[in-house]
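To start, the structure itself, in structure tokens.
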Amino acid sequence: MATAAPDSKAIVLITGANRGIGFEIAKKLATSPDKPYHIILSSRHHSSVESAITTLRALPNLHSSTTLEPLPLDLTSDTSISSAAAHISTKHNHLDILVHNAAISFSSLSTHVTDPHAPQRERENWHAIFDTNLIGPALLTDALLPLLSASPQPERKIVFVSSKLGSIAYTFDEVNSRHIDLNDATRFTEYSASKAALNLYAKHLAWRLEHSHGEGGGSGRGKSEGEGGDKKGGEEKKGKWKVNVVCPGYTKTGLNNYQGTQEPSEAAKIVVRLVQEEGGETGTFRDKDGIVPW
Ligand SMILES: NC(=O)c1ccc[n+]([C@@H]2O[C@H](COP(=O)([O-])OP(=O)(O)OC[C@H]3O[C@@H](n4cnc5c(N)ncnc54)[C@H](OP(=O)(O)O)[C@@H]3O)[C@@H](O)[C@H]2O)c1
């Protein structure tokens with residue numbers, strides 16, 4: 001049975017790790033006193049992820065065995081996604097934890113939404129937001145499933161950093177104390193729709209992986225060599241799949257022009273908890289207060 005060597009570090013890929021919440025997730029993992037990780041920080045911009053890594057390496061409380069690696073990755077580019085997967089395959093042969101953190105909202109677009117209540121929106125904005133927030137993560141997941149399947153860890157984890165703005169329940173349930181105020185949230189219409197779609201995608205993925213009958217790694221789109229959960233003859237038993245969705249809370253980052261109410265270091269806590277949690281459920285949507293209704 002393939003198990004992780006006692007000293008083997010879990011390999012974690014974090015998308016959008018050069019700034020904001022993604023950087024703080026990397027920082028918390030890198031300074032976790034409990035265990036070391038090999039953290040792959042990805043970003044579209046090589047220089048900014050290099051400077052993020054320089055900052056992390058200078059931390060006095062960096063775990064002495066933790067290692068950091070930059071990886072260029074643009075979620076809107078098929079070439080970039082396949083190069084990133086090929087790089088991890090060549091260098092590491094497997095991946096243990098995938099944190100889908102990167103996303104954009106209106107504030108990242110070249111054609112800004114100046115009036116949040118404007119009834120009409122631009123096609124290019126819809127394309128950009130869905131490409132980055134839904135299609136890119138889905139295609140990246142597919143590209144990395146063979147590597148996640150090859151993980152020797154007892155749990156192979158995929159964490160989707162989503163938003164409660166994508167909660168259909170909170171949007172429609174007006175008597176819920178956490179009901180989403182559309183007067184404010186309509187600035188984020190395209191973003192909210194992309195997160196609702198991402199949540200649905202994550203739920204489907206969790207189900208597909210949980211029900212892959214030992215052939216884990218099957219994305220449901222056809223299985224590739226090495227994706228199998230049990231190796232030929234069943235001599236190798238693979239770990240459990242954990243696929244979960246998390247809302248980090250309203251946070252001061254570029255995503256909302258720094259209007260959020262908490263610091264990125266606070267937001268990263270719930271994501272890191274899911275990354276480090278052993279046991280627990282798959283297919284959930286959570287925030288710091290517990291389960292978020294879909
Ligand atoms: N901030 C909040 O209030 C809040 C609330 C709920 C959920 N969230 C979620 O938290 C996550 C992190 O957001 P954040 O607030 O930290 O935002 P942020 O500071 O704007 O960071 C977004 C990250 O995504 C990366 N990115 C953007 N487009 C990309 C692309 N095409 N390919 C690869 N990476 C790309 C950015 O890298 P570049 O440098 O390459 O642009 C950046 O690292 C997102 O999933 C967001 O939806 C945030």
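Which of the helices (runs of 4 or more DSSP H) found entirely inside the stretch 123-204 contain at least 2 residues meeting this: over 15 Å from the mean Cα position of the chain (by Cα), within 14 Å of the ligand (Cβ to nearest atom) and more than 21 Å from VAL12 (Cβ to Cβ)?
So the answer is 123-130, 182-185.
Does the stretch 253-270 hold any residues that are more than 7 Å from the ligand (Cβ to nearest atom) and either in contact with a Cys (Cβ under 9 Å, 6 or more places away or on another chain) or closer than 13 Å to GLY22 by Cα (or both), and which are they?
Correct list: GLU263, SER265, GLU266, ALA268, LYS269, ILE270.
Mind counting the residues in the stretch 177-208 that are under 18 Å from VAL159 (Cβ atoms), aliphatic (A, V, I, L, M) and out of contact with any helix residue (DSSP H, G or I) (no Cβ under 6 Å at 6 or more places or on another chain)?
The number of residues fulfilling the criteria is 4.
What is the one condition in (1) buried (at least 21 other Cβ atoms within 10 Å of the Cβ); (2) of a type in the set (Val, Ile, Thr); (3) away from the ligand (no atom under 14 Å from the Cβ) that ILE104 does not satisfy?
Single failed check for ILE104: (3).
Show the residue pairs that are 6+ apart or on different chains and have beta-carbon atoms under 9 Å apart, the first residue being within the stretch 277-294 and on the phi > 0 side of the Ramachandran plot and in a loop (DSSP other than H, G, I, E, B), the second being among the small types (Gly, Ala, Ser) and surrounded by 13 or more Cβ atoms within 10 Å (Cβ to Cβ).
What qualifies is GLY283/ALA202; GLY283/ALA206.
Out of all the residues in the stretch 40-67, which are polar (S, T, N, Q) and out of contact with any Pro (no Cβ under 8 Å at 6 or more places or on another chain)?
SER47, SER48, SER51, THR54, THR55
Surrounded by 14 or more Cβ atoms within 10 Å (Cβ to Cβ) and without any contact (Cβ under 8 Å) to a residue 60 or more places away in the chain: does that describe ILE168?
no
Out of the residues in the stretch 19-58 meeting the condition of being of a type in the set (Gly, Ala, Ser) and over 12 Å from ALA102 (Cβ atoms), tell me which one is surrounded by the most Cβ atoms within 10 Å (Cβ to Cβ).
Ranking the candidates gives ALA26 first.
Within the stretch 238-269, which residues are crowded, with 21+ Cβ neighbours inside 10 Å and more than 12 Å from PHE160 (Cβ to Cβ)?
Passing the criteria: LYS238, TRP241, THR251, THR253, LEU255, ALA267, ALA268.
Considering each of SER77, SER42, SER82, SER107 in turn, give the residue that is at pLDDT below 95, closer than 29 Å to ASN125 by Cβ and of a type outside the set (A, V, I, L, M, F, W, C).
SER107
Sort through GLU281, GLU266 and tell me the only one that's among the acidic types (Asp, Glu) and closer than 21 Å to SER107 by Cβ.
One residue alone meets the criteria, GLU266.
The values are calculated or read from the model by the stated rules, or taken from the named source; none is laboratory data. What you are looking at is a predicted structure, and each value in this text was computed from that prediction instead of being measured. Please note: Cβ atoms are built from the backbone with ideal geometry, for glycine as well, and neighbour counts cover all protein chains shown.
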